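Chemist: One structure is given below, represented as structure tokens, and several questions about it will come after.
The values are calculated or read from the model by the stated rules, or taken from the named source; none is laboratory data. The shown structure was predicted, so the numbers you read here are calculated from the model rather than taken from an experiment. Ideal geometry is used to build each Cβ from the backbone, glycine not excepted, and the neighbour counts take in all protein chains shown.
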Amino acid sequence: RTNPGGFEGAGVKGLSWLLKAKQITGLPTAVEVANSKHVEDAISFDTDVLWIGARTTVNPFSIQNIADALKGTNQTVLIKNPVNPDIKLWIGAIERLQKAGIENIGLIHRGFSSYGNSEYRNVPMWQIPIEMKRLFPDMPMICDPSHICGKRDNLQEVSQKSIDLAYSGLII
């Protein structure tokens, strides 16, 4: 998704595949949404969980667009941390969804962009999700060690750290 021509998902066609998989297996389904059209399409295909990606979280206009589309639903929504280490943007996304009446909100910690060399693709900056857990103690938080690590070498360490911090789960 970073560059034009890269894989950007299967679109609405993929939602029908997810619905069929859900019907066959009984497993819940989840997709990323970045605008109101995505929300409408996902809901029309009975998607259980929507998540807002890190690049969307940084844009209050996009978040408001999604919140407006979700108004009146009881949809479960997960919000990834913003790409940059700005806790106010993450909080703002939560508040916009809450103002739209969305109650089933969870957080995804996927690490933060940084400049220069690092052992991680996206630096975990554990102090930020720890602060979010302090501010929103009843809100589930999931760790995305795949995004944080970018390779297998640190996956176990990052996963264990999130377990030690009482995260609600992992998305790998």
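Chemist: What helices (runs of 4 or more DSSP H) completely inside region 77-172 contain at least 1 residues that are closer than 20 Å to residue 50 by Cα and without any contact (Cβ under 8 Å) to a residue 24 or more places away in the chain?
Modeler: Ranges flagged: 87-99.
Chemist: So residue 28 clears everything in (1) crowded, with 16+ Cβ neighbours inside 10 Å; (2) closer than 23 Å to residue 143 by Cβ except one condition, right? Which one?
Modeler: (1)
Chemist: Return a yes/no flag: does region 106-123 have any residue that is modelled with pLDDT of 95 or more, out of contact with any strand residue (DSSP E or B) (no Cβ under 8 Å at 6 or more places or on another chain) and of a type in the set (A, V, I, L, M, F, W, C).
Modeler: Taking every residue of region 106-123 in turn, none turns out to be modelled with pLDDT of 95 or more, out of contact with any strand residue (DSSP E or B) (no Cβ under 8 Å at 6 or more places or on another chain) and of a type in the set (A, V, I, L, M, F, W, C).
Chemist: Here is a follow-up. Go through region 54-76 residue by residue and tally those that are of a type in the set (A, V, I, L, M) and either touching a Pro at 6+ places or on another chain (Cβ under 7 Å) or in a loop (DSSP other than H, G, I, E, B) (or both).
Modeler: 2
Chemist: Restricting to region 2-59, give me the number of residues that are modelled with pLDDT of 95 or more, acidic (Asp, Glu) and either in contact with a His (Cβ under 6 Å, 6 or more places away or on another chain) or within 26 Å of residue 148 (Cα to Cα) (or both).
Modeler: Going through region 2-59 one residue at a time, the tally reaches 2.
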